[in-house]
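Some notes on the structure that comes next.
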Amino acid sequence: MILVLAVLVGVLYAVGTYLLLQRTLTRVVIGLAIMGHGANLLLLLAGGRAGRAPIVDGPGGGAFADPLPQALALTAIVITFGITAFLLALAYRSWLLRSDDEVEDDVEDRRIARLARRHDEARRHDEDDS
Amino acid sequence: MLALLLGLHAVLALAAPALGRRLGPRVFLVCALAPGATAAWAATQAAGVLDGSATTQVISWVPGLGLDLALRLDGFALLMVALVSGIGAVIFAYSRWYFSPRPGLGRFAGVLTAFAGSMLGVVLADNLLLIYVFWELTSITSYLLIGFEDEKGSARAAALQAILVTGAGGLAMLAGFVLVGQAAGTYSLSGILADPPGGGVVGAGLVLVLLGACTKSAQVPFHFWLPAAMAAPTPVSAYLHSATMVKAGVYLIARLAPAFAAGHAFWRPLVMGLGVATMLVGGWRALRQHDLKLLLAYGTVSQLGFMVVLVGAGIPELTFAGAALIVAHGLFKAALFMVVGIVDHQAHTRDLRVLSGLGRRMPGVAAVAAVAAASMAGVPLLLGFLSKEAAYEALLHAHLGVGGALALAGVVAGSVLTFAYGARFVLGGFGAGSGQGAGGHDPVGPDVPRPAPAFVVPAALLAVLTVVAGVAPAVVDPLVGGGAGALDPAAGKAHLALWHGFTLTLGLSVLTLAAGALLVVGAGAVERFQGRLAGAPSAVGVYSSALAGLSRLADRVTAVLQNGSLPVYLGVILLTVLALPGLTLLTRTRLPGGIVVGESPLQVVVAGVVLVAAVGAAFAHRRFAAVLFLGGVGYGVAVLFVIQGAPDLALTQLLVETLAVVIFVLVLRHLPERFEPSVWRLGQATRVAVAGGVGVFVAAFSLVAAGARTAEPVSGAYLEQAVPEAGGHNVVNVILVDFRAFDTLGEITVLTVAALGIVSLVQAGRRPQDRA
C-alpha cells in the first residue's frame with residue numbers, strides 16, 4: 001500500500017496503453033515493454049510493504065519481503081523480454097518486406113465490411129429500379 | 001419398457017442407411033418394426049391405462065438440473081401413441097410402395113424412424129426439459145425430411161423456413177418451461193399439473209410456451225411454414241404434417257389447458273381466438289388451391305385451429321370433443337394425404353384442373369378419398385361427424401359468454417369451409433367434369449396406370465377404421481374417453497353418440513352441411529371473389545422481410561464491429577475492462593487503511609524519474625529517443641526493486657534491460673529515424689482518454705489488491721523450508737529452481753520457442769539480393 005508505487009503503476013499502464021493503441025509497430029513494442037514494467041511492479045506491490053531481501057541468514061534485520069511475488073515477477077521479466085525480442089524480429093521482417101513497420105488493418109475484415117457496403121448499395125439499386 | 005421402445009427407434013434409425021443399400025424401398029418394412037412394436041405394446045397396456053393407472057419409468061439423467069428421463073404412459077399419451085405409432089406403422093408400409101429404388105432412401109428411412117421415436121418421446125415425456133429435447137428433435141428430423149430432395153432450391157428453402165419458425169418457437173418455449181418449472185419447484189409435468197403454480201411470472205412463462213406450441217401447430221400467424229413444407233415427399237406430409245408433429249403443439253396445449261385456462265384471464269381469449277382465426281384462414285385459403293396437396297395442407301392448418309379451440313378451452317366437454325377430433329383427424333387426414341401420394345405417383349400431377357376421370361380409373365382410391373373427405377366434412381355415420389357433433393354440443397353449453405358464442409360461430413363457419421374444400425378435393429381430384437385441361441395442359445385421367453393393391457391398402461385401412469368407428473362409436477369411445485379423462489377427470493365421463501335427438505346441435509350440423517353444399521354449388525363465384533382479394537399482406541411476406549432485415553443488420557453490425565483496425569479492437573476490449581470490472585471497483589470497494597506515501601524519500605525520487613521517462617517514451621518523435629526513455633524506465637524500475645527488497649529482480653532487470661536496448665538498436669538502425677505522423681483513425685483524444693482511464697483503474701486496483709492481504713501468505717512455508725529441504729539460502733532462487741521448478745521449465749520453453757521464431761524470422765526475411 002505504497003501510494004507512490006501505485007501511482008507509478010497507473011502511469012506505466014496508461015503510457016503502455018497509449019502506445020499499444022498506435023499503429024507503428026515500434027511504438028507498440030515499446031508500449032508492451034512499459035506495460036510489462038508496470039505489471040512487474042504491480043506484482044511486487046501486491047506482496048505488501050518492503051522488507052529484508054528474502055535470503056536466509058543474509059545481512060540486515062527486520063521482516064523478510066514476500067519472496068513469492070518476487071519469483072513471479074522474475075518469471076514475468078524474462079517472458080516480457082522474450083516477447084519484446086520476438087516482436088522486434090517481426091518489426092524487422094515487416095521492414096524487410098515493406099520498408100515500414102506500420103500495423104495494417106486486417107485485410108480479411110476490411111473485405112467483409114466492403115461486402116456489407118456492396119450489399120447495401122445493391123439493395124438501394126434494386127429499390128430504385130422497382 | 002418405454003425407454004426400450006425409444007431405444008429400438010434409435011437403433012433402427014442408425015441401421016437404416018446401411019439396410020437401405022441392400023433392401024431398397026423394403027427398408028421401410030424393417031423400420032416399421034419400431035412403431036409397430038410400440039403400437040402393439042401400447043395395446044397390451046390399454047386396458048389398465050385407460051382405467052386411469054399410468055405406466056411410468058424414470059431413469060435419472062442430470063439430477064442437478066432436475067432433468068430425468070421420466071416417461072409416463074397415461075390415457076392421453078396412449079391416444080397419442082395410437083396415432084404416432086399406429087398411423088406411423090401404416091405410413092411406413094405405404095412408403096415401401098410410394099418410393100422407387102433411389103440413392104439416399106436408407107438415410108431417409110432412418111430419419112423418418114428417428115422422427116417417429118422423437119415424436120413418441122414428446123408424448124411420453126413427463127419432464128418439461130425432456131419434452132423440449134424431444135420437441136427439438138422432431139424439428140430437426142422434420143427439417144431433414146422436408147429437405148430430402150436437396151437438389152431442389154425450393155425444398156431447401158421450405159426446410160429452412162420450417163426449422164427457423166418452429167425452432168424460434170421452441171426456444172421461446174424452453175424459456176417458458178424454465179419460468180414455469182422454477183415457479184413450480186419441479187420440472188415434472190404431472191407434478192406441475194397436479195399442483196399448478198400461479199402468478200404473473202407463470203403467466204409470462206405460459207405465453208412463451210404457447211408461442212412454441214403455436215409455431216409447431218401452425219397457428220396464425222405462423223401457419224405459413226406448413227404449406228411450404230409440402231415440398232417433402234408425400235409420406236412425410238401424411239405422417240408429420242397431418243397426423244403427428246403438427247399435433248405436438250395441440251398436445252401441449254391440451255395438457256396445460258385444464259390446469260391453467262381458468263386461472264389466467266388471457267388464456268381463453270388468446271388460445272381460442274388464435275384457434276378460430278387459424279381455422280377460418282386455413283379453410284379460406286384451402287378453397288383457392290389447385291394443388292391437391294396444398295389444398296390438404298391449408299385444410300390441415302384449419303383443422304389444427306379447430307383442435308386448438310377445443311383442447312385449449314380447458315372445459316371438460318370441449319376437451320373430450322378435442323380428443324375425439326385428434327383421433328378422427330389423424331385417421332382421415334393421413335388417408336387423404338396417402339391418396340394424394342397415390343394420384344401423384346400414378347398420374348404425375350396433383351393439379352385438380354388437369355386431373356379428369358380418375359374416379360372411374362381407380363374407383364377404390366376414389367372411395368377411400370370420398371370416405372375420408374366426408375369424415376372431415378362432418379357427414380353422418382363417420383368418425384368426423386361424431387367429433388364435430390361433440391364439439392358443437394360442448395360449445396353450445398360451455399357458458400363462455402360472448403366469447404363462447406363467437407367461438408361457436410367461428411367453428412361453424414370454419415366447418416362450412418371444411419365441407420366446401422373437402423368437396424373440392426374429391427370432385428376436383430376424381431370427378432369427371434373438372435378436368436378441362438386448364439393452363440394449356442391436356443387432361444390427365446382415363447389412361448393412368450392403376451396402383452398396386454398393396455399401395456392402396458394402408459389408406460383403405462384408415463378409411464375403414466373411420467367408417468367402423470363412425471357407425472359403432474363404442475369401438476373408439478374408450479380410447480377417446482380414457483384420453484380425455486387423463487387430461488381432466490371430468491372429461492372422461494362424456495361419451496360419443498350417433499344420435500343426440502332433435503336438438504340445436506343437430507340443427508347446426510344440418511346448417512353446416514347445407515351451407516357447405518351451397519359453397520360447392522357456387523364454387524365459381526367464390527373463386528372469383530377470392531381472386532379479387534388476392535394481394536393482401538401475407539405472413540410469408542413478413543417472414544421473408546424479417547429474414548432479409550436480419551441479414552442486413554448482421555452485415556452492418558459486422559462492418560462496424562469487425563472493421564479490421566487493431567487499435568479499435570484493443571480500444572473496445574479496454575473500454576469493456578473499464579466498464580465492467582472498473583465500475584465494480586468504483587462502486588463496491590473502499591480504499592484500505594494503512595496507505596503510506598513511500599518507503600523512503602529515495603523511492604519517491606526514483607519513482608518520479610521513472611514517471612518522467614515513461615511519459616517521454618510516449619511522446620518522443622524519434623525512435624532512438626523513445627528507446628532510450630524505455631531504457632530509463634527499465635533501469636529506474638531496477639532501483640525500485642532494490643528499495644523494495646528484491647535484489648534478484650534488480651539484477652535480472654538490469655541484464656534484461658541492457659540486452660533489450662541492444663536488440664532495439666540493432667533493429668532500429670534499419671528503420672526511419674522519426675515515427676510516421678499518426679493517421680487519425682481513433683483520434684488522439686480518444687487514445688489519451690482510454691489510456692488515462694486504464695491508468696486510474698490499475699492504480700486503484702493495485703491499492704485495493706495490496707490491501708487485500710488478509711490471509712497468511714504461503715511464502716512463510718517457503719522461507720522455513722528453503723534451507724532444510726532445498727539447501728538454499730536465497731529463497732527466490734529456491735522457489736524458481738526447486739519448489740516451482742516446472743514453472744521455470746515452462747518459462748524456458750517459451751524463451752526457446754521465441755528464440756526459434758526470431759531466428760527463422762530474421763533468416764527467412766532476407767531479401768533475394770542479400771543472399772549468396
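The values are calculated or read from the model by the stated rules, or taken from the named source; none is laboratory data. Bear in mind that the values here come from a model prediction, so they are computed numbers and not experimental data. Neighbour counts are summed over all protein chains in view; Cβ atoms, including those assigned to glycine, are modelled from backbone coordinates with ideal geometry.
Quick one: would you say residue B:506 is in a helix (DSSP H, G or I), touching a His at 6+ places or on another chain (Cβ under 9 Å) and of a type outside the set (Val, Ile, Thr)? Yes: the conditions hold for residue B:506.
Filtering the stretch B:87-109 to residues that are surrounded by fewer than 24 Cβ atoms within 10 Å (Cβ to Cβ) and either closer than 24 Å to residue B:322 by Cα or among the small types (Gly, Ala, Ser) (or both) leaves B:89, B:93, B:100, B:104, B:106.
Name the residues in the stretch B:745-767 that are more than 7 Å from every other protein chain (Cβ to nearest Cβ) and farther than 30 Å from residue A:99 by Cα, would you? Passing the criteria: B:745, B:746, B:748, B:749. Taken over the stretch A:41-82, the residue count meeting the criterion of being more than 7 Å from every other protein chain (Cβ to nearest Cβ) and either within 17 Å of the chain's Cα centre (by Cα) or among the polar types (S, T, N, Q) (or both) is 3. A count restricted to the stretch B:533-576 and to residues that are within 12 Å of chain A (Cβ to nearest Cβ) and within 30 Å of residue B:688 (Cβ to Cβ) stands at 20.
What about residue B:178, is it surrounded by fewer than 20 Cβ atoms within 10 Å (Cβ to Cβ), touching a residue at least 24 places away in the same chain (Cβ under 8 Å) and more than 19 Å from residue B:120 (Cα to Cα)? Against the criterion (surrounded by fewer than 20 Cβ atoms within 10 Å (Cβ to Cβ), touching a residue at least 24 places away in the same chain (Cβ under 8 Å) and more than 19 Å from residue B:120 (Cα to Cα)), residue B:178 qualifies.
Only residues that are more than 7 Å from chain B (Cβ to nearest Cβ) and surrounded by fewer than 23 Cβ atoms within 10 Å (Cβ to Cβ) were counted across the stretch A:1-27, and they come to 1. Can we say residue B:695 is at the interface with another protein chain (Cβ under 9 Å from one of its Cβ atoms), closer than 28 Å to residue A:28 by Cα, within 53 Å of the chain's Cα centre (by Cα) and surrounded by fewer than 18 Cβ atoms within 10 Å (Cβ to Cβ)? No, not satisfied. For the stretch B:60-85, a residue qualifies if it is over 20 Å from residue B:252 (Cβ atoms), touching an Asp or Glu at 6+ places or on another chain (Cβ under 7 Å) and not aromatic (Phe, Trp, Tyr), and exactly one does: B:60. Taken over the stretch B:123-138, the criterion of being surrounded by fewer than 24 Cβ atoms within 10 Å (Cβ to Cβ) and within 18 Å of residue B:83 (Cα to Cα) is satisfied by B:134 alone. Right, residue B:357: among the small types (Gly, Ala, Ser), closer than 21 Å to residue B:381 by Cα and at pLDDT below 95 or not? In short, no.
Evaluation of residue A:87 against the conditions (1) surrounded by fewer than 18 Cβ atoms within 10 Å (Cβ to Cβ); (2) in a helix (DSSP H, G or I) shows that the sole unmet condition is (1). Out of the residues in the stretch A:84-101 that are at the interface with chain B (Cβ under 7 Å from one of its Cβ atoms) and in contact (Cβ under 8 Å) with a residue 24 or more places away in the chain, state the one that is farthest from residue B:759 (Cα to Cα). Only one residue tops the list, namely A:101. Being within 9 Å of chain A (Cβ to nearest Cβ), of a type in the set (A, V, I, L, M, F, W, C) and in a helix (DSSP H, G or I) is a property that holds for residue B:641. Of the set (1) over 30 Å from residue B:571 (Cα atoms); (2) at the interface with chain A (Cβ under 7 Å from one of its Cβ atoms); (3) surrounded by fewer than 18 Cβ atoms within 10 Å (Cβ to Cβ), all apply to residue B:742 but (2).
Just checking, how many residues over the stretch B:14-48 are surrounded by fewer than 23 Cβ atoms within 10 Å (Cβ to Cβ) and at negative phi?
So in the stretch B:14-48, the residues surrounded by fewer than 23 Cβ atoms within 10 Å (Cβ to Cβ) come out as B:14-15, B:17-19, B:21-26, B:29-30, B:33, B:36-37, B:39-41, B:43-48.
Remaining after also requiring at negative phi: B:14-15, B:17-19, B:21-23, B:25-26, B:29-30, B:33, B:36-37, B:39-41, B:43-48.
So the count comes out to 24.
The single residue among B:620, B:626, B:646 that is modelled with pLDDT under 95, facing chain A (nearest Cβ under 7 Å) and over 20 Å from residue A:44 (Cα atoms) turns out to be B:626. Checked against (1) touching a residue at least 40 places away in the same chain (Cβ under 8 Å); (2) more than 24 Å from residue B:311 (Cβ to Cβ); (3) surrounded by fewer than 18 Cβ atoms within 10 Å (Cβ to Cβ); (4) touching a strand residue (DSSP E or B) at 6+ places or on another chain (Cβ under 9 Å), residue B:65 meets all criteria but (4).
When you look at residue A:123, is it modelled with pLDDT under 75 and part of a helix (DSSP H, G or I), yes or no?
On the way: modelled with pLDDT under 75: yes; part of a helix (DSSP H, G or I): yes.
Yes: the conditions hold for residue A:123.
Just wondering, is there one or more residues in the stretch B:232-245 that are aliphatic (A, V, I, L, M), over 20 Å from residue B:326 (Cα atoms) and assigned to a helix (DSSP H, G or I)? Reasoning before the result, please.
Here is the first cut: in the stretch B:232-245, the ones aliphatic (A, V, I, L, M) are B:232, B:236, B:238, B:240, B:243, B:245.
Going one step further and asking which of them are over 20 Å from residue B:326 (Cα atoms), we end up with B:232.
Adding the requirement that they be assigned to a helix (DSSP H, G or I) leaves none.
No, because not a single residue in the stretch B:232-245 is aliphatic (A, V, I, L, M), over 20 Å from residue B:326 (Cα atoms) and assigned to a helix (DSSP H, G or I).
What number of residues within the stretch B:585-610 are away from chain A (no Cβ under 11 Å) and in a loop (DSSP other than H, G, I, E, B)? Within the stretch B:585-610, residues that are away from chain A (no Cβ under 11 Å) and in a loop (DSSP other than H, G, I, E, B) number 2. For residue B:706, the criteria (1) at the interface with another protein chain (Cβ under 7 Å from one of its Cβ atoms); (2) over 26 Å from residue B:595 (Cα atoms); (3) modelled with pLDDT under 85 hold in every case but one, which is (2). Across the stretch A:28-40, the qualifying residues are those that are free of Cβ contacts under 8 Å to residues at least 24 places away in the same chain and at the interface with chain B (Cβ under 7 Å from one of its Cβ atoms), and the one among them that is surrounded by the most Cβ atoms within 10 Å (Cβ to Cβ) is A:34.
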